[in-house]
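The values are calculated or read from the model by the stated rules, or taken from the named source; none is laboratory data. For clarity, every value in this text was computed on a predicted model and none was experimentally measured. Neighbour counts run over all protein chains shown; Cβ positions are idealised from the backbone, glycine included.
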Amino acid sequence: MTLHNSELLRQHEAHAARRTRLMSPPVRVHRDTLEGLRISLREMTEAFEKVSSEREVLQKKIALEERYSRRMELDVADRNARILALSQRVCELEDLGITSVGKRSVAEIVSEVLNEFPGITWEDIKGIRRQKNLVVPRQRCMYEVARQRHDISLPRIGKIFGGRDHSTICHAVKKVRLEREGGTISQDWHDRQEMAAKRGSPKPLMAIDAALTEGKG
């Protein structure tokens with residue numbers, strides 16, 4: 001009996017709650033509130049479209065700048081390659097005795113020195129023999145080339161003189177310089193000038209230049 005009453009009471013309460021819900025007036029949203037929501041939604045939509053448009057424009061600018069940057073990198077790489085190739089070519093020409101205006105070629109310098117040493121050829125100078133009659137003119141040639149052509153490094157001078165190490169050129173320069181400071185070179189030069197005048201004509205420049213060219217090849 002008690003259980004039956006409890007069930008009836010529960011059903012009655014559920015019915016009362018449903019009736020109250022159905023009889024309650026619906027929640028109404030004010031027109032101004034709806035209009036405000038519509039405006040806010042429209043503004044948000046416009047802002048999103050604007051941001052999307054600006055993003056697209058920015059992406060296009062970035063793509064253009066990346067293409068321009070890649071093109072500039074290629075241009076710089078090409079320019080550096082050209083400069084390197086020209087520098088190597090200038091070095092090769094200078095090794096062959098072909099120099100710019102105002103610079104004496106290696107062939108001219110060597111020819112002038114060998115005028116003081118009759119019988120000594122360019123092949124003797126760049127050769128491996130170490131007889132005294134070859135060592136002295138060889139060192140003189142190295143010294144004069146290093147003295148008159150500061151733009152040519154010691155390693156390059158060594159390469160010109162038969163592929164010798166730069167330390168050999170350095171030793172020759174120091175030795176001749178010390179002899180010059182001691183006054184021995186000037187007297188030696190005077191003596192050899194007289195010998196060259198007595199024994200014949202000076203070394204032809206074209207022959208030395210051709211020998212330099214053949215050595216380069």
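Key figures for this structure:
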item	result
Residue that is modelled with pLDDT under 85 and assigned to a loop (DSSP other than H, G, I, E, B), where the choices are 87, 100	100
Residue within the stretch 122-131 that is surrounded by fewer than 16 Cβ atoms within 10 Å (Cβ to Cβ), outside any loop (DSSP other than H, G, I, E, B) and either under 36 Å from the mean Cα position of the chain (by Cα) or not assigned by TED's automatic domain parsing to the domain that holds residue 109 (or both) present	no
Residue 159 vs. criteria at pLDDT 90 or above and over 15 Å from residue 175 (Cβ atoms)	yes
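Here is a yes/no grid of residues against (1) part of a helix (DSSP H, G or I); (2) modelled with pLDDT under 75:
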{"site": "5", "(1), (2)": "yes, yes"}
{"site": "9", "(1), (2)": "yes, no"}
{"site": "14", "(1), (2)": "yes, no"}
{"site": "20", "(1), (2)": "yes, no"}
{"site": "26", "(1), (2)": "no, yes"}
{"site": "34", "(1), (2)": "yes, yes"}
{"site": "40", "(1), (2)": "yes, no"}
{"site": "46", "(1), (2)": "yes, no"}
{"site": "58", "(1), (2)": "yes, no"}
